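In what follows, a structure is listed as structure tokens, so that the remarks can point back to it.
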Amino acid sequence: MADQAVISALAFLHIVSAIAWFGGVVFFVSSVAPGLRKMSIGARIEFSARIGPGIVRFYGISGTLTIVFGLGLLYEAFGGNPSAWPVSIEIGFSLGFLAYLLALVVTVPASRRLDKISQELVKNPNAGPPPPEFVKNFQRLGMGAIVIAILLLLATVFMVSTAFPF
């Protein structure tokens with residue numbers, strides 16, 4: 001029998017990190033991105049140069065912790081055999097992991113390129129308008145965040161549905 005204290009601690013840590021990750025993504029999609037679209041290009045550059053790296057770090061840490069604590073919880077609750085996992089957990093985990101991979105492959109690289117361009121433009125304000133890659137990476141980051149938010153919402157629905165079998 002699995003230790004209930006360990007399961008409770010892992011569940012708590014998994015839920016808190018998932019709230020941070022999903023909440024951060026929803027906040028970005030619903031407030032930050034629309035606000036940035038209304039700002040001047042100079043304000044966008046300043047925001048990206050100063051705030052962007054911290055945002056990426058926050059998402060990276062909270063997303064990684066969500067996956068790690070979730071896997072620990074699965075192992076502790078169901079053992080090392082994935083065939084013992086409830087189907088809704090498998091689907092939720094797959095969607096969450098897909099969101100994590102999308103972040104690693106699309107949004108993090110776009111954000112890092114955006115941060116690099118922004119920091120160069122802040123250092124040299126007379127460089128002229130931002131290169132086309134600036135807008136392209138902003139759009140890629142925004143679209144990636146929307147898809148990640150949808151995937152995390154679906155993952156949450158499947159994970160929570162495990163507690164309420166029909």
According to a simple spin-label model (label point 7 Å from Cα along Cα-to-Cβ), what is the distance in nm between Ser8 and Arg112?
4.1 nm
Say R0 is 30 Å: what FRET efficiency, to the nearest 0.05, do Val16 and Val105 get from their beta-carbon distance?
0.70
For the chain, what is the relative contact order in percent, using Cα pairs closer than 8 Å and at least 6 residues apart in sequence?
34 percent
Efficiency of FRET between Ser83 and Ala33 - r from beta-carbon atoms, R0 45 angstrom, step 0.05:
0.65
Using the Kyte-Doolittle scale, find the helices of the chain whose mean hydropathy is at least 0.5 and whose Cα atoms extend 15 Å or more along the helix's long axis, counting only whole DSSP H runs.
4-27, 52-78, 87-102, 132-161
Kirkwood hydrodynamic radius over Cα pairs of region 44-87, then Stokes diffusion coefficient at 25 °C and 0.890 mPa s, in µm²/s:
194 µm²/s
In whole angstrom, how long is each semi-axis of the equivalent ellipsoid of region 4-160, when you take the square root of 5 times every eigenvalue of its Cα gyration tensor and sort them from largest down?
36, 14, 12
Residue-normalised 222 nm signal for the chain, counting each DSSP H run of n ≥ 4 as -39,500 (n - 2.57), nearest 500 deg cm²/dmol, is -26500 deg cm²/dmol
Kindly put Lys123, Lys136 in sequence by how many other C-beta atoms sit within 10 Å of each C-beta, fewest to most.
Lys123, Lys136
q = 0.22 Å⁻¹: log10 I(q)/I(0) that the Debye formula gives for region 85-156, counting C-alpha atoms only:
-0.87
Go ahead and set up a Gaussian network model of the chain, Cα springs under 10 Å, then flag whichever of Gly79, Gly142, Gly92 fluctuates most.
Gly79
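Rule-based calculations on the coordinates, nothing more; no lab input. Quantities reported herein were computed from a predicted structural model and do not represent experimental measurements. All Cβ positions, even for glycine, are placed from backbone atoms using ideal geometry, and neighbour counts span all protein chains on display.
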